[in-house]
Amino acid sequence: MGNALRFSRRSVLKTMTAAGGLGALGAGLPWTPAMAKTLVIGFLYVGPRDDYGYNQAHAEGAAAVKAMPGVKVLEEEKVPETIDVENSMESMINLDGASLLFPTSFGYFDPYVLKEAKKHPDLTFLHCGGLWTPGKHPANVGSYFGYIDEAEYLSGIVAAYASKSKKLGFVAAKPIPQVLRNINSFTLGARSVDPAITTAVVFTGDWSMPVKEAEAANSLIDQGADVLTCHVDSPKVIVETAEKRGVFCTGYHASQATLAPKGYLTGAEWNWAKVYTDFVKMVQGGIKPPNLVRGGLKEGIIKTSPYGAAVSDAARKHADDVKAKFMDGSFVIYKGPIKDNKGNSVIAEGKSHGQTDIALESMNWLVEGVTGSIS
Amino acid sequence: MDHASLGWWGVPLAVLAGAIRVSTPFLFVSLGECLTEKSGRINLGLEGTLVMGAMSGYATAYLTGNPWAGVLVAGLAGSLLGTLHAMICALERVNDIAVGIALMLLGTGLAFFLGKPFIQPQAPQLPAIPFGWWSSSAQVRSALDINPLFLVGLALAPLLLWGLRTTRWGMVLRIVGESAEAARAMGYQINRVRLLATAAGGFFAGVGGSFLSLSYPGSWNERLSSGQGITAVALVIFARWDPVLCVWASLLFGGAGALGPALQSVGVTQGYHLFNAAPYVLTLAIMIATSSSRHRLAGAPAELSVTR
């Protein structure tokens, strides 16, 4: 009796799995034209999506996708970089039938996105971070990132024209290559206008520390910095502090212009709206999105905030000229000779590293003119 | 150095300004906790109360346009959480530390949930009193823009000390905290005294939270507190349950926290992680220097579950 029951249960399970598998096979192929009715897309953010920063930039992209026909967008905020990522994606996939997922935080990739991608080989996972390696990572995973330091270079130019004290301030979270690259590009941009300019850097130690960020901004202003910028998750506190103290600032991630109507000069922004709508169009059209997408101003992955009222005509003209060169791909930021702030030569005379150069991805130095150290 | 830069003078100025700017939430939470612990109970939930106060204060200021209404609502939200803590702890065989941890999670979770729509909008801020009007230096003027809440906190500390020492209410509170049995024998209702002490402590902590969102750094987001409530609870032990010492401890913590960014901005950039850790190193050092294996901490109320 017991045996018979166990057998029947097992066979029932077997049939169910087979049927389920067939069903999943039929329903799961995201870029078959038969499935072109409604594409369910899931976005995962590491923080709140209206933080005036990293997450808001992604949420603005998601909002652009939402406006497209034939899609349904799911969003989940404050998903920590833990197993929670897998759980959130699982529920989007199993409960809502999501077939295209955008896990937007850098730290989601390994192992969480990779694990989910192996488990669901017929779904598409597009991760923000530019970490995909052919042969090593699953084919249904894509990773994208932008050379936002191009926009930082332009911000540096604009900051240089606005500064009277010739001292700029940079509040940064951690001395990792992407952050250092932004600090260096900002400084190189400013020093291309006036080589006497210096940038003082304060590292706060983490991506979101509002009190420490406010302290850092105040200290920099006390030391005479009259243009502030930053690389933290939410620039809100820094931009507000700069405005309160009556100095200029340039933004990061998204536009903070409304927070500082007097002092906001320009800013380096992500243009995820374009990137995401492009991806979704590809998937809707039955095209497999490329695994690695990287680009800067030219490719439309990043953009600059509109100039604030305080930006002079000379600054606008200079920045626009350089921007035009970025747009036609002829401008190289890291062109030798470049020295670091300890006097060592880091890029030799006659050598230049274009944006896509992998050597820039492991940057571990601060350029001449930066006051600060990475350890 | 040009005229606008202070050079090395910027460091002591930043530490002083930081002490004034950063210390206020520490001050309010530690005063509130001091009061609660004097009645013989620990409310570890003040971290949650602080965050809840920051959120409710910001939301109220934004919705009504009046930052002082925000301060009031933050205090009331805090005393509500304090009352909840006291009522749960009044039940039999309930551990106040465990309840505190639960309330910390509840407070922060609730604040994150309810605070979602208020991350983006800008609420009106509390006005600061310009005590630096006499100085021609913009840096000094900015450092001496002092928020009235800081002054309220400064005045509150000696007032509490006096109240605890000399008034009848203060003495009842201390009897309850030192010996519940003696208090019971004298006919005092222990749970009611503790309820009032915890609710008042919660009020202070809520007001401290409103300072975070309405003055400095002056915006609501989910990482606003980053553990300041818990630090302030520890400060009470550090200050030996003395409200006036709480002021010094809070100032010390605020100033030490400003040291890291200030040194980096003048160009001392090596080892900034160490400077950022300065407040905690300082606490450890003082705790070790003043602790003893032979007797319990001086000033600790005898009814506290951790010292009993």
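With respect to the conditions (1) surrounded by fewer than 15 Cβ atoms within 10 Å (Cβ to Cβ); (2) outside any loop (DSSP other than H, G, I, E, B); (3) more than 9 Å from every other protein chain (Cβ to nearest Cβ), B:Arg141 falls short on a single one, namely (1).
If you go through region B:214-223 one residue at a time, do you hit one that is within 13 Å of chain A (Cβ to nearest Cβ), under 24 Å from B:Met52 (Cα atoms) and not in a loop (DSSP other than H, G, I, E, B)? For region B:214-223, residues within 13 Å of chain A (Cβ to nearest Cβ), under 24 Å from B:Met52 (Cα atoms) and not in a loop (DSSP other than H, G, I, E, B): present. Flag: A:Pro290 does not match the condition of being at pLDDT 95 or above, surrounded by fewer than 19 Cβ atoms within 10 Å (Cβ to Cβ) and farther than 19 Å from A:Tyr54 by Cβ. Output yes when any residue across region A:90-111 is of a type in the set (A, V, I, L, M, F, W, C), under 15 Å from the mean Cα position of the chain (by Cα) and within 30 Å of A:Leu188 (Cβ to Cβ), and no when none is. Yes, the conditions are met somewhere in region A:90-111.
If the condition is being of a type in the set (Lys, Arg) and in contact (Cβ under 8 Å) with a residue 40 or more places away in the chain, then region A:317-345 contributes only A:Lys323. Within region A:333-373, if we keep just the residues that are of a type in the set (A, V, I, L, M) and within 14 Å of chain B (Cβ to nearest Cβ), the residue that is surrounded by the fewest Cβ atoms within 10 Å (Cβ to Cβ) turns out to be A:Leu366. The set of residues from region B:159-208 being among the small types (Gly, Ala, Ser) and surrounded by 20 or more Cβ atoms within 10 Å (Cβ to Cβ) comprises B:Gly177, B:Ala183, B:Ala197, B:Ala199, B:Ala200, B:Gly201, B:Gly202, B:Ala205, B:Gly206, B:Gly208.
One line per residue, one yes/no per condition, for (1) within 14 Å of chain A (Cβ to nearest Cβ); (2) on the phi < 0 side of the Ramachandran plot; (3) at pLDDT 95 or above; (4) touching a Leu at 6+ places or on another chain (Cβ under 7 Å):
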| residue | (1), (2), (3), (4) |
| --- | --- |
| B:Ala4 | yes, yes, no, no |
| B:Ala17 | yes, yes, no, no |
| B:Val22 | yes, yes, no, no |
| B:Leu31 | no, yes, yes, yes |
| B:Ser56 | no, yes, yes, no |
| B:Tyr62 | yes, yes, yes, no |
| B:Leu72 | no, yes, yes, no |
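The single residue among A:Thr277, A:Thr266 that is away from chain B (no Cβ under 14 Å), at negative phi and in contact with a Pro (Cβ under 8 Å, 6 or more places away or on another chain) turns out to be A:Thr266. A single entry from B:Ala234, B:Ala200, B:Ala258, B:Ala182 fulfils the requirement of being modelled with pLDDT of 90 or more, in a helix (DSSP H, G or I) and under 22 Å from the mean Cα position of the chain (by Cα): B:Ala200. Applying a threshold of 6 Å to beta carbon distances and a minimum spacing of six or more residues, or different chains, the list of pairs starting in region B:161-177 at a residue that is free of Cβ contacts under 8 Å to residues at least 24 places away in the same chain and ending at one that is outside any helix (DSSP H, G or I) and among the hydroxyl-bearing types (Ser, Thr, Tyr) reads B:Val172/B:Tyr188. Can you confirm whether B:Val99 is crowded, with 22+ Cβ neighbours inside 10 Å, in contact with a His (Cβ under 9 Å, 6 or more places away or on another chain) and in a helix (DSSP H, G or I)? Judged against the criteria, B:Val99 is a match. Going by the conditions given, is B:Leu110 away from chain A (no Cβ under 14 Å), farther than 30 Å from B:Ala182 by Cβ, of a type in the set (A, V, I, L, M) and assigned to a helix (DSSP H, G or I)? In short, yes. The strands (runs of 3 or more DSSP E) found wholly in region A:151-250 and carrying at least 2 residues that are at pLDDT 95 or above and more than 10 Å from chain B (Cβ to nearest Cβ) occupy A:167-172, A:227-231. Of all residues in region A:85-103, those satisfying the criterion of being out of contact with any helix residue (DSSP H, G or I) (no Cβ under 6 Å at 6 or more places or on another chain) and more than 18 Å from A:Tyr54 (Cβ to Cβ) are A:Asn87, A:Glu90, A:Ser91, A:Met92, A:Ile93, A:Asn94, A:Leu95, A:Asp96, A:Gly97, A:Ser99. Among the residues of region A:92-103, the ones that are among the hydroxyl-bearing types (Ser, Thr, Tyr) and either at pLDDT 95 or above or touching a Gly at 6+ places or on another chain (Cβ under 6 Å) (or both) come to 0 in all.
The values are calculated or read from the model by the stated rules, or taken from the named source; none is laboratory data. Only a predicted model underlies this, so the values are computations on that prediction, with no experimental measurement involved. We place every Cβ from the backbone using ideal geometry, glycine too, and count neighbours over all the protein chains shown.
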